[in-house]
Every structure is written in structure tokens, then in C-alpha cells.
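Novice: Starting off with a structure, shown below.
The values are calculated or read from the model by the stated rules, or taken from the named source; none is laboratory data. Because the structure is predicted, anything quoted here is derived from the model rather than measured. We place every Cβ from the backbone using ideal geometry, glycine too, and count neighbours over all the protein chains shown. Side chains are part of the model used for accessible areas, which takes the heavy atoms of the whole protein and leaves out ligands, DNA and RNA. Shrake-Rupley method; radii C 1.70, N 1.55, O 1.52, S 1.80 Å.
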Amino acid sequence: QDRAADYVTGLRRLSPLADYLTANISSPNTPGLRALQGRAALDDLLGRLAQARAPGGPPLFLKVAPDLDAAEMAMIVEAALAHGVDALIVSNTTLDRPETLRSPFAGEAGGLSGAALKPKARRALALAAQAAQGRLPLIAAGGIDSGAEAYARIRAGASAVQIYSALVYEGPGLVARIRRDLAARLRADGFSSVAEAAGTAPLTER
């Protein structure tokens with residue numbers, strides 16, 4: 001009956017146990033959840049979460065969908081800034097079904113993840129970076145499966161990346177491989193850190 005209250009309950013109970021918390025308003029697998037990405041509902045949710053956060057508690061991130069247009073992404077960025085959200089995770093799974101999908105299960109309901117999500121996740125990150133203009137840290141997710149892809153997202157404006165589906169196919173050793181490749185790419189381009197490289201790609205490359 002009160003979705004925002006459920007988030008507040010989760011925040012209060014999990015804050016002592018977590019390194020960070022994510023308010024997920026974008027899972028396509030929960031009926032009606034993406035309605036929280038509207039400004040009125042978002043202001044209500046983020047305002048109540050801000051009031052419930054204890055001083056010194058873990059950072060709070062907001063996870064958004066890849067199916068947003070530029071105006072919607074800009075609105076969410078401004079709402080996140082207004083309510084003290086620490087970073088934006090871009091992005092969740094998509095409702096779209098690209099024509100390139102070959103699986104007989106391509107028409108199933110729910111969120112599509114993995115390599116097929118990559119183009120939409122890249123586009124969403126570019127929109128978020130354009131809207132944030134460095135005012136809000138961005139965390140890239142969706143189709144990241146290599147050091148090259150992690151580096152591209154960082155150059156496009158991400159401060160960090162998350163991997164999900166690729167771990168299923170390649171196992172936890174993927175993390176070390178991405179780190180090694182990413183470090184080599186940073187050195188090759190003269191960067192001493194991820195932070196130094198974040199957002200340095202020309203707009204035409206994003």
C-alpha cells in the first residue's frame with residue numbers, strides 16, 4: 001500500500017550491514033515499479049529515504065532503467081541531486097527485445113540483460129553524463145564483459161562499473177581479467193587512475 005515505506009524499512013534495517021545501498025526503481029520484473037521514476041513519486045521516495053538515513057551511514061545509490069529518454073534522465077539526475085543521492089547506477093535491464101535475439105524464449109516477459117543490453121546501457125550512460133555534467137557520480141552496468149567495455153564506460157563518464165551476466169558465463173576470474181586489462185588501457189593512454197580517465201571521451205565517441 002505504501003511502496004516508499006517499504007524502501008525506508010529496508011534502508012533502516014540494512015544500513016548497519018551494508019557497504020552501500022541501492023534504491024532500485026527500475027526493475028521491469030516488479031509490476032508498477034518503474035512508475036517511481038516519475039518526478040512526484042521520486043521526490044516522495046527520495047525525500048523519505050533522505051530523512052531516514054542515519055549520519056555516517058552507507059552511501060545511497062539510485063538505479064535507473066535504460067529505456068529513458070533525455071528529458072526523463074535529466075529529471076532523475078536533478079531529483080537525485082536535490083535529495084542527496086550519492087550516485088546513479090546506469091542501468092538496469094531493458095524491456096526491449098532486439099530483432100537479433102535468437103532464443104526461443106526471446107518473447108518472455110521481464111528484463112533483458114547481458115550482451116543484448118549493451119547498446120541501450122551505453123546510450124543511457126551518455127544521457128546521464130550529459131545531464132549530470134560531473135555533479136553526480138555515475139556507475140555503469142549492463143553488458144559489461146571485458147576490460148575494453150569497462151574502459152569505454154569509464155571514458156564515457158562512469159566512476160565505477162558493475163558486472164552481472166558476464167559472471168555467469170565466465171566466472172569470478174573475469175574480475176581479475178578486467179582489472180588487468182583496464183590497468184593496461186589506463187597506462188597506455190597516460191592515465192594514473194580511473195578517476196582521471198572518467199568522462200574524457202569526446203562526445204562523438206560516447
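Novice: Considering only DSSP beta bridges where both residues belong to region 41-147, give the percentage that are antiparallel (nearest 5).
Specialist: 10 percent
Novice: Still on this structure, I have one more. With charges set only on the Cβ (+1 for Lys and Arg, -1 for Asp and Glu), what does the dipole of region 1-82 come to about its Cα centre, in debye to the nearest 20?
Specialist: 320 debye
Novice: Here's something else I'd like to know. Over the chain, what is the percentage of antiparallel beta bridges among all DSSP beta bridges, to the nearest 5?
Specialist: 5 percent
Novice: Okay, next question. Using the heavy atoms of the protein chains alone and a 1.4 angstrom probe, what is the accessible area of the chain per residue in square angstrom?
Specialist: 52 Å²
Novice: Rounded to the nearest 20 debye, what is the charge dipole size of the chain about its Cα centre when +1 sits on each Lys and Arg Cβ and -1 on each Asp and Glu Cβ?
Specialist: 320 debye
Novice: If you don't mind, another one. Counting Lys and Arg as +1 and Asp and Glu as -1, what is the net charge of the other residues whose Cβ lies under 13 Å from the Cβ of residue 167? Can you show the working numbers first?
Specialist: Details: positive: 177; negative: 145, 170.
For residues surrounding residue 167, the net value is -1.
Novice: Quick one: Cα centre-to-centre distance for region 161-206 and region 81-131, in angstrom?
Specialist: Value for the Cα centre distance between the two parts: 18 Å.
Novice: Which residue, chosen from 60, 136, 147, occupies the Cα position most advanced towards the positive end of the dipole of region 54-162, where the dipole is computed from +1 (Lys, Arg) and -1 (Asp, Glu) charges on Cβ about the Cα centre?
Specialist: Towards the positive end, the residue furthest out is 147.
Novice: Place a +1 charge on the Cβ of each Lys and Arg in region 133-187 and a -1 charge on the Cβ of each Asp and Glu, then give the dipole magnitude about the Cα centre in debye, rounded to the nearest 20.
Specialist: Roughly 300 debye, rounded to the nearest 20.
Novice: Counting only complete DSSP H runs, which helices of the chain cover 20 Å or more along their long axis at the Cα atoms and score a mean Kyte-Doolittle of 0.0 or above?
Specialist: 173-188
Novice: Which is farthest toward the positive dipole end of the chain among 183, 4, 198, measuring Cα position about the Cα centre, with Cβ charges +1 (Lys, Arg) and -1 (Asp, Glu)?
Specialist: The listed residue farthest towards the positive side: 183.
Novice: Quick one: compute the contact order of region 97-206, relative version, from alpha carbon pairs under 8 angstrom and 6+ residues apart, as a percent.
Specialist: Working: 137 pairs, mean separation 28.6, N = 110.
Reported relative contact order: 26 percent.
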